[in-house]
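Peer 1: There's a structure below that I have some questions on.
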Amino acid sequence: MSKVLPVASRLLVLVFGLLLMGAPPAAAQNATAKLGVVVSRTGEYEASYGKPFLDSVRLAVDEANASGVGPRIELEIQDDRSTEAGAREAATRVGESGAIVAVGPVLSILALPAGPAFAQAGIASIVSTAGSDLVTNNATTFQTVFRNSDLGESVADYLRHALGGGRAAVVFADNGYGQTIADGFRRGAERLGLQTTYHPFRNAAERDEAVRRIAADPGKPAVVLGALEADAAPIMMGLRRAGVTAPVLGPGVLSDQSFFNLFRDQPEERRAPGHFTRDLFIATPVILDSANAETLAFTERYRARFGPEASVSWLSVQAYDSAQLAIAAIRAAFASKNATDLRSRRKAAFDYLASLNGPARAVPGLLGPMWFTPERGRSLPIRMGRFGKGGLFESAPIQLVPVSSSAAEEVAAGTLVEIGPGRYARRQQVVYTGIFLNEIARIDVAQSVFSADFYVWVRFARGLAATDADPVQFEFPDMIRGTFASARPASQRDLDDGTTYRLWRVSGDFKNDFDLRRYPADRQKLEIRFFNARAASDRMVYVLDRSAFEGIDAGFGATNAFGGTAAPKAFRNLTQWQPLRVTEVREILVSRSGLGDPGLVGLDRVRELSGFAMLIEVQRDIATTLIKTLLPVGLMTLIMFATLYFPPVLAAAKVTVAITAGLSGAVLLSSINSQLGNVGYVIAVEYGFYVFFALCLVCIITALVGEKTRLEGRSTVLVDRTGRALFALGFVGTITAACIAFVLWR
């Protein structure tokens with residue numbers, strides 16, 4: 001015994017030591033770190049910039065803390081009061097706090113005075129929406145949005161390669177904002193050989209004179225704006241009233257609905273909505289209707305966190321990315337063995353951000369890999385949008401998407417265009433898409449099939465279709481019967497906006513996965529979807545044709561149960577179902593693999609196929625279903641309960657009724673299962689049958705025990721009362737549980 005104890009103790013110590021080695025250090029689990037946030041919580045920028053920025057940062061921090069990876073992040077929030085002095089003071093307070101990294105402010109006019117305060121404290125700051133070229137002159141500031149000069153150069157690329165323009169007139173405010181846009185465009189125009197004139201202005205008179213000179217130019221050049229809303233609106237009105245119909249290209253500050261609303265009281269706008277903003281192309285970092293899968297997933301999480309009506313914009317996306325980057329820097333600082341105090345951790349965080357100097361060392365972001373140029377800026381492509389019906393801001397039909405690697409044959413064929421020395425981009429088609437539901441003829445749950453008849457249409461830019469990127473070469477992967485002839489549309493024509501319209505009528509049977517766990521109180525989603533398997537989403541993206549619907553989700557979906565997306569009598573043949581809503585959304589198939597392509601490495605090893613889907617949500621008519629399936633069970637239950645009041649001498653009759661009821665219930669349950677098909681899980685109605693079978697057993701046991709008690713010459717009152725109580729408790733409890741479940745499921 002004395003030898004056994006030392007051996008056991010040594011084994012115990014060994015096991016305990018292994019557990020300690022496998023567990024994360026307590027310090028790492030319990031450590032906290034502060035992330036500084038300078039944001040407009042009061043003042044003129046609070047509602048439009050401050051709140052969405054802070055909400056996105058909060059979401060990123062909540063998700064980071066929920067992951068369990070240390071340290072735990074806490075926010076050090078300081079209000080810049082929407083003023084330059086406030087931004088400077090807020091940055092100073094963050095520097096004096098225990099924050100390791102800071103994000104914000106949101107605008108260049110606030111980021112510029114805040115930068116030196118951050119530098120003095122030795123804290124790295126990340127600005128996500130401030131586009132001034134001067135922001136990164138501060139020694140510790142990193143910029144995750146494109147600079148104004150980069151925006152100007154990208155606009156030149158878009159004018160040349162997407163719109164086919166060769167002449168331009170740049171009208172810009174003669175200040176730090178407009179000059180940088182003009183300088184960037186000049187850089188691109190010289191590289192591309194664009195014939196360009198430049199028209200700076202310092203006041204309204206000079207601005208209006210610039211508009212007159214541009215309108216008088218016989219070459220009818222495209223117009224590039226380097227101005228904010230206050231000057232851009234008069235410029236647009238002056239150009240259109242002077243008869244200028246050429247495309248106008250402007251910065252992202254003009255993409256808000258508020259800019260479109262500046263024209264609504266003009267007589268031309270009342271006669272023809274969109275008169276002044278027609279052919280106005282606006283450059284932003286992201287547009288939700290054509291965003292990638294990661295960004296759409298973020299949008300869903302954002303609305304789940306802050307409410308379905310929460311507005312998601314490019315500012316929200318950029319703020320989330322900047323917070324993700326700051327969190328990665330904080331974690332790197334805590335992982336550094338040489339960073340033991342606040343000052344050394346701030347330096348380690350700065351060094352980490354500075355080390356992200358190329359795609360191979362990038363951090364994944366919603367808009368692509370995040371890494372920094374030598375000037376601590378970010379190489380971020382632009383997305384071009386335009387105002388559609390009712391001022392809805394949507395992606396333009398042609399985009400330029402940078403590629404990480406280029407093939408000589410693609411360059412020679414013109415598939416890739418050069419956007420800088422050794423840098424190439426691919427033209428991406430934005431295909432406006434819609435589905436109109438004519439009828440759902442039947443739903444066959446047993447066969448996992450439904451029959452649908454509908455129209456599908458697309459609109460896309462003319463002249464860009466290629467053999468590997470033809471927008472009409474899509475397929476319905478769930479169609480098991482029926483045909484879709486892409487080469488034989490029901491209607492097709494060219495439209496005035498430069499797009500081609502195609503329409504098809506499709507009818508067939510579609511495979512669908514039905515979830516029957518809540519039967520007979522179940523809701524089902526019927527999905528009609530298609531994909532273009534011949535072109536990845538960098539070549540083509542299908543987006544909702546929002547101008548065709550009345551019920552519009554401002555992000556990327558349209559919902560209208562009995563109007564815009566479905567015919568009023570589309571569900572007339574579904575006697576057991578009630579329609580709830582019809583929703584149209586983008587469908588994206590993501591393959592996180594290079595699929596054997598040696599040119600795709602690191603974060604580029606993702607292939608997305610773009611598609612489109614109509615989701616039809618229906619609810620089973622529970623009253624009809626209960627009457628058809630459970631009414632017989634209910635009647636048999638009442639009959640069994642009545643047998644509990646039979647006199648003791650009828651014990652045989654009691655048992656016979658209970659056995660007959662159980663067998664009848666088994667037959668009915670088998671019939672229900674045959675109607676629902678081969679279901680490999682327990683559905684809600686089966687629990688009711690299980691209780692029914694248990695009540696049958698209660699009746700049988702009560703009859704047998706009562707008969708035994710009677711034969712022994714004792715009273716059966718207690719046995720009968722106990723049986724009735726158990727039966728009533730089981731019956732009432734089941735009904736109560738079913739009602740509660742029904743309310744919760746609805």
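Peer 1: Which of the residues belonging to the range 372-409 are acidic (D, E) and either within 18 Å of G358 (Cα to Cα) or touching a Lys or Arg at 6+ places or on another chain (Cβ under 8 Å) (or both)? Before you say what the answer is, go through the steps one by one.
Peer 2: Taking the range 372-409 as the starting set, the residues that turn out to be acidic (D, E) are 375, 394, 409.
Listed by number, the residues that qualify are E375, E394.
Peer 1: Here is a further query. Restricting attention to the range 490-512, which residues are part of a loop (DSSP other than H, G, I, E, B) and either under 30 Å from T245 (Cβ atoms) or of a type in the set (A, V, I, L, M, F, W, C) (or both)?
Peer 2: Residues of the range 490-512 part of a loop (DSSP other than H, G, I, E, B): 490, 495-498, 512.
Selection gives A490, L495, D496, D497, G498.
Peer 1: So, one more: Return the residues of the range 150-193 that are of a type in the set (S, T, N, Q) and touching a Leu at 6+ places or on another chain (Cβ under 9 Å); say none if nothing qualifies.
Peer 2: First pass over the range 150-193, keeping only residues of a type in the set (S, T, N, Q): 154, 175, 179-180.
Listed by number, the residues that qualify are S154, T180.
Peer 1: When you scan the range 136-143, do you find a residue that is assigned to a loop (DSSP other than H, G, I, E, B), closer than 30 Å to R191 by Cβ, in the same structural domain as A323 (by TED's automatic domain parsing) and modelled with pLDDT under 95, even just one?
Peer 2: First pass over the range 136-143, keeping only residues assigned to a loop (DSSP other than H, G, I, E, B): 138-140.
Remaining after also requiring closer than 30 Å to R191 by Cβ: 138.
In the following step, the residues that additionally are in the same structural domain as A323 (by TED's automatic domain parsing) were identified as 138.
From the residues that got through so far, the ones that are modelled with pLDDT under 95 too are 138.
Yes - at least one qualifying residue is present in the range 136-143.
Peer 1: Let me ask something additional. Kindly list, by first and then second residue, each pair from a residue in the range 291-308 that is not assigned by TED's automatic domain parsing to the domain that holds V541 to a residue that is among the charged types (D, E, K, R) and assigned to a helix (DSSP H, G or I), limited to pairs with Cβ atoms under 6 Å and residues at least 6 apart or on different chains.
Peer 2: The qualifying pairs are F306/D55.
Peer 1: Another one. Using the structure shown, decide if G677 is over 17 Å from K628 (Cα atoms) and at pLDDT below 90.
Peer 2: Working: over 17 Å from K628 (Cα atoms): yes; at pLDDT below 90: yes.
Judged against the criteria, G677 is a match.
Peer 1: Can you name every residue in the range 109-125 that is more than 16 Å from K347 (Cβ to Cβ) and either among the small types (G, A, S) or in contact with a strand residue (DSSP E or B) (Cβ under 9 Å, 6 or more places away or on another chain) (or both)? Working first, answer last.
Peer 2: Taking the range 109-125 first, the residues more than 16 Å from K347 (Cβ to Cβ) are 109-117.
Of everything in the range 109-125, those that are more than 16 Å from K347 (Cβ to Cβ) and either among the small types (G, A, S) or in contact with a strand residue (DSSP E or B) (Cβ under 9 Å, 6 or more places away or on another chain) (or both) turn out to be L110, A111, A114, G115, A117.
Peer 1: Could you count how many residues in the range 475-487 are modelled with pLDDT of 90 or more and in a loop (DSSP other than H, G, I, E, B)?
Peer 2: Residues that pass the stated criteria total 3.
Peer 1: State whether one or more residues within the range 62-76 are closer than 30 Å to I181 by Cα, small (G, A, S) and part of a helix (DSSP H, G or I). I'd like the intermediate steps shown before the answer.
Peer 2: Residues of the range 62-76 closer than 30 Å to I181 by Cα: none.
Scanning the range 62-76 turns up no residue that is closer than 30 Å to I181 by Cα, small (G, A, S) and part of a helix (DSSP H, G or I).
Peer 1: Let me ask something else. Just checking, does the range 340-350 include any residue being among the polar types (S, T, N, Q) and within 28 Å of the chain's Cα centre (by Cα)? Give the derivation first.
Peer 2: As a first pass, look at the range 340-350 and keep what is among the polar types (S, T, N, Q): 340, 344.
Those left that are additionally within 28 Å of the chain's Cα centre (by Cα): none.
Within the range 340-350 (the criterion being among the polar types (S, T, N, Q) and within 28 Å of the chain's Cα centre (by Cα)), the answer is no, since none of the residues qualifies.
Peer 1: Going through the range 39-61 one residue at a time, which ones are part of a helix (DSSP H, G or I), among the charged types (D, E, K, R) and either more than 24 Å from G365 (Cα to Cα) or modelled with pLDDT of 95 or more (or both)? Can you show your working first?
Peer 2: Just the residues of the range 39-61 that are part of a helix (DSSP H, G or I), to begin with: 46-61.
Pick out the ones that are also among the charged types (D, E, K, R) and you get 46, 51, 55, 58.
Those that are part of a helix (DSSP H, G or I), among the charged types (D, E, K, R) and either more than 24 Å from G365 (Cα to Cα) or modelled with pLDDT of 95 or more (or both): E46, D55, R58.
Peer 1: Looking at (1) outside any strand (DSSP E or B); (2) closer than 29 Å to F514 by Cα, can you tell me which one I443 breaks?
Peer 2: Tallying (1) outside any strand (DSSP E or B); (2) closer than 29 Å to F514 by Cα, I443 fails exactly one: (1).
Peer 1: Regarding G36, is this residue part of a strand (DSSP E or B) and crowded, with 17+ Cβ neighbours inside 10 Å?
Peer 2: On the way: part of a strand (DSSP E or B): yes; crowded, with 17+ Cβ neighbours inside 10 Å: yes.
Spelling it out, G36 is indeed part of a strand (DSSP E or B) and crowded, with 17+ Cβ neighbours inside 10 Å.
Peer 1: Of the residues V253, V244, V224, which is among the aliphatic types (A, V, I, L, M), closer than 24 Å to D157 by Cβ and in contact with an Asp or Glu (Cβ under 7 Å, 6 or more places away or on another chain)? Walk me through it before giving the result.
Peer 2: Numbers: V244 fails: in contact with an Asp or Glu (Cβ under 7 Å, 6 or more places away or on another chain); V224 fails: in contact with an Asp or Glu (Cβ under 7 Å, 6 or more places away or on another chain).
Being among the aliphatic types (A, V, I, L, M), closer than 24 Å to D157 by Cβ and in contact with an Asp or Glu (Cβ under 7 Å, 6 or more places away or on another chain) holds for just one of V253, V244, V224, which is V253.
Peer 1: Still on this structure, I have one more. In the list G434, G365, which residue meets the criterion of being touching a helix residue (DSSP H, G or I) at 6+ places or on another chain (Cβ under 9 Å), surrounded by 21 or more Cβ atoms within 10 Å (Cβ to Cβ), closer than 30 Å to F334 by Cα and not acidic (D, E)?
Peer 2: Values: G434 fails: closer than 30 Å to F334 by Cα.
Of G434, G365, the one residue that is touching a helix residue (DSSP H, G or I) at 6+ places or on another chain (Cβ under 9 Å), surrounded by 21 or more Cβ atoms within 10 Å (Cβ to Cβ), closer than 30 Å to F334 by Cα and not acidic (D, E) is G365.
Peer 1: Part of a helix (DSSP H, G or I), of a type in the set (G, A, S) and farther than 29 Å from I740 by Cα: which single residue out of A651, A666 fits that description?
Peer 2: Numbers: A666 fails: farther than 29 Å from I740 by Cα.
The match here is A651.
Peer 1: List pairs: first in the range 94-121 and more than 24 Å from N175 (Cβ to Cβ), second buried (at least 20 other Cβ atoms within 10 Å of the Cβ) and of a type in the set (F, W, Y), Cβ under 7 Å, 6+ apart or cross-chain?
Peer 2: Hits for this filter: G95/F118; A102/F118.
Peer 1: Please determine, by comparing only the residues of the range 62-108 that are basic (K, R) and more than 23 Å from D351 (Cβ to Cβ), which one is nearest to the chain's Cα centre (by Cα).
Peer 2: Residues of the range 62-108 that are basic (K, R), as a first pass: 72, 81, 88, 93.
In the following step, the residues that additionally are more than 23 Å from D351 (Cβ to Cβ) were identified as 81, 88, 93.
Details: R81: 31, R88: 35, R93: 35 Å.
Selected residue: R81.
Peer 1: If a residue must be β-branched (V, I, T) and touching a His at 6+ places or on another chain (Cβ under 8 Å), how many such residues does the range 409-462 contain? Break it down stepwise before answering.
Peer 2: First, the residues of the range 409-462 that are β-branched (V, I, T): 411, 415, 417, 419, 430-431, 433, 435, 440, 443, 445, 449, 456, 458.
After this cut, where a residue has to be touching a His at 6+ places or on another chain (Cβ under 8 Å) as well, the list is 417, 419.
Going through the range 409-462 one residue at a time, the tally reaches 2.
Peer 1: Separate question: Select from the range 669-691 the residues that are assigned to a helix (DSSP H, G or I) and of a type in the set (A, V, I, L, M, F, W, C) and list them in ascending order.
Peer 2: If we filter the range 669-691 for residues that are assigned to a helix (DSSP H, G or I), which is where we start, we get 669-676, 684-691.
Residues satisfying the conditions are L669, I672, L676, A684, V685, F689, V691.
The values are calculated or read from the model by the stated rules, or taken from the named source; none is laboratory data. Because the structure is a prediction, the values reported are computed rather than measured. Ideal geometry is used to build each Cβ from the backbone, glycine not excepted, and the neighbour counts take in all protein chains shown.
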